[in-house]
Amino acid sequence: MKILVTGGAGFVGSACLRYLLEQGHQATAFDNLCQGHSSSVPEGRLIQGDIRNTGQLADAMRQVDAEAVMHFAAATYVGESVSSPEYHYDNNIGGTLSLLNAMRQTGIKRLLFSSTCATYGDNPKPPMDETAAQIPCSPYARTKLAVEWMIRDFAHAHGLGFTLLRYFNASGADADGKFGEDHKPENHLIPLILQVPLGQRDKLLIFGMDYPTPDGTCIRDYVHTSDLASAHLLAISATDENTREVYNIGTGNGNSVMEVLKACETVVGSSIPFEVVARRPGDPPALVADPTKIKSQLGWKPRYPDIKETVETAWRWHRSHPTGYSEPRLVNS
Ligand code: UD1
């Protein structure tokens, strides 16, 4: 299948792109390289462009003769979305509107959208299945929920087959340690923990220990990018012009920040200092997937259900690429 992958140079997008290529599909990344890394994309598979430029997108779709689009490109920093909502609304909502218009211009009728568990937000009852109430508690999450509705409305009005994939916390790295997570600035839990044993940070700052969870720290469902990639291939293969679907992608296992820290200590083989600080605005207490639907309908099975194995892959990547893909990392400790 010929697939245009927006955000295909990002952490999750590039993992999916590489997997699609490995499985014999003709996938091409469309990425503005604002957060993405060209070196995470195999040679000749990257078109540089911005999703807010409809003409550029439509040209790219025609250039690769795309039959389907996987839409990863988005602003994803929850904290930044609280301080600069305009950037998130412009990129995520404006960018998706531009994408849907480009798809109409070029007649592409199959879409996978990277939504998020963050749309469940303040829902008090994990694990969540796809029918759980969506109560987003950050501007980032609100943009993703708005886009889910935008896609449904376009599908209704103009005919479009879509699958919405609500990811839980994307993590880990390719098994061979060649590709992994590299955000600048980094703000995700596992890379930040591993920066401590790498000597790039004095300690982990834990954002709040007064949540209504067993140890007081937030609970998340950490799902490996390889498992996200296999879910995407299953989902696009099952999406045709008439599809209107939504799936959670998560392991079904929740781990608290403290449990993730302990798993990292086990993998690294040394203790990792931490300090508890104030809660981070926009963080819900507990998000854990009920992935029954994608397992039973698409036959998806995570290869990395255990946080320790996910951390092992991340550690292999970070240890061999301490400054990420290329440019030196700026570290705040
Ligand atoms: C968020 C989104 C997720 C999105 C991802 C993309 C929510 C609920 N989830 O994940 O949908 O795909 O961003 O960027 O909004 N933590 C610390 N100390 C740190 C860093 C993090 O204690 O230095 C804690 C956080 O408070 C959180 C957990 O670790 O409870 C995970 O944080 P992070 O890795 O940033 O991911 P989310 O914010 O859950």
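The values are calculated or read from the model by the stated rules, or taken from the named source; none is laboratory data. A quick note: this is a predicted structure, and the numbers were derived from the prediction, not measured. Quick reminder, even Gly has a Cβ in these numbers, built from the backbone with ideal geometry, and neighbours come from all protein chains shown.
Remarks
- Hits in the stretch 69-127 - residues which are of a type in the set (Val, Ile, Thr), surrounded by fewer than 24 Cβ atoms within 10 Å (Cβ to Cβ) and at pLDDT below 95: VAL78, VAL82
- Residue satisfying all of: in the stretch 215-258; in contact with a helix residue (DSSP H, G or I) (Cβ under 7 Å, 6 or more places away or on another chain), within 16 Å of the ligand (Cβ to nearest atom) and assigned to a helix (DSSP H, G or I); farthest from PHE154 (Cα to Cα) among these: VAL257
- Taking the stretch 172-201 as the range and being in contact with a strand residue (DSSP E or B) (Cβ under 9 Å, 6 or more places away or on another chain) and either away from the ligand (no atom under 15 Å from the Cβ) or not in a helix (DSSP H, G or I) (or both) as the test, the residues that pass are GLY172, ALA173, GLU181, HIS188, GLN195, VAL196.
- The stretch 105-127, residues that are in a helix (DSSP H, G or I) and either free of Cβ contacts under 8 Å to residues at least 40 places away in the same chain or within 11 Å of the ligand (Cβ to nearest atom) (or both): CYS117, ALA118, THR119
- For ASN169, the requirement of being of a type outside the set (Gly, Ala, Ser), within 11 Å of the ligand (Cβ to nearest atom) and more than 21 Å from SER83 (Cα to Cα) is met.
- Pairs are defined by a Cβ separation below 8 Å, a sequence spacing of at least 6 or placement on different chains, a first member in the stretch 183-196 that is of a type in the set (S, T, N, Q), and a second member that is assigned to a loop (DSSP other than H, G, I, E, B) and near the ligand (Cβ under 7 Å from one of its atoms); the pairs so defined are ASN187/TYR77.
- The set of residues in the stretch 259-307 being among the small types (Gly, Ala, Ser), assigned to a loop (DSSP other than H, G, I, E, B) and within 19 Å of the chain's Cα centre (by Cα) consists of GLY282 alone.
- Residue identified as among the small types (Gly, Ala, Ser) and assigned to a loop (DSSP other than H, G, I, E, B) among ALA15, ALA73, ALA58: ALA73
- Hits in the stretch 115-165 - residues which are more than 19 Å from GLY79 (Cβ to Cβ) and polar (S, T, N, Q): SER115, ASN123, THR131, GLN134, THR163
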